[in-house]
Amino acid sequence: MMYNDIIGTLGVGLILLAYFLNITKLIQHDDKLYFVMNIIGAALACYASLLISYWPFVILEGTWVLVSLYGLMKNMKIRMT
C-alpha cells in the first residue's frame, strides 16, 4: 500500500466512522466530535486525492472540509449564546 492509499484510507475511514457513530446514536450530528472527525477525515482524503491529482475528489473533499468547518463554527456560536 502506498502513502497516498494509507492517507486516503484513514480519511474516508474517519468520515465513515463518524457517520456510523451518528446513525447508531453514539454521537449526535451536532456534536463537536462529529464535525472534527469529518474535518480531519475530509482533509486527509483531500490530501490523498491531491497526491494522485484526482481533481474531482480534491474539490469534493475540500468542500466537505469547508462545510464541516462552517457547521462546527455555527454550532459553537449557538452554544455560546
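Bear in mind these aren't lab numbers, they're just calculated from the coordinates by the rules spelled out. Since this is a predicted model, take the numbers as computed values, not measurements. All Cβ positions, even for glycine, are placed from backbone atoms using ideal geometry, and neighbour counts span all protein chains on display.
Listing for the model above:
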| item | result |
| --- | --- |
| Extreme residue, positive dipole direction of the chain, given options Ser68, Val12, Ala45 (C-beta unit charges) | Ser68 |
| Qualifying trypsin sites (Lys or Arg not before Pro) for the chain [loop in DSSP, other Cβ within 10 Å: at most 11] | Lys25 |
| Dipole in debye (nearest 20) - the chain, about Cα centre, beta carbon charges: Lys, Arg +1; Asp, Glu -1 | 340 |
| Cα long-axis angle, helix 55-80 against the chain (0 to 90 degrees, to the nearest 10) | 20 |
| Loop chymotrypsin sites (Phe, Trp or Tyr not before Pro), the chain, which have at most 16 other Cβ atoms in a 10 Å radius of their Cβ (DSSP) | Tyr54 |
| Counting all C-alpha pairs of the chain, share separated by more than 19 Å (%) | 38 |
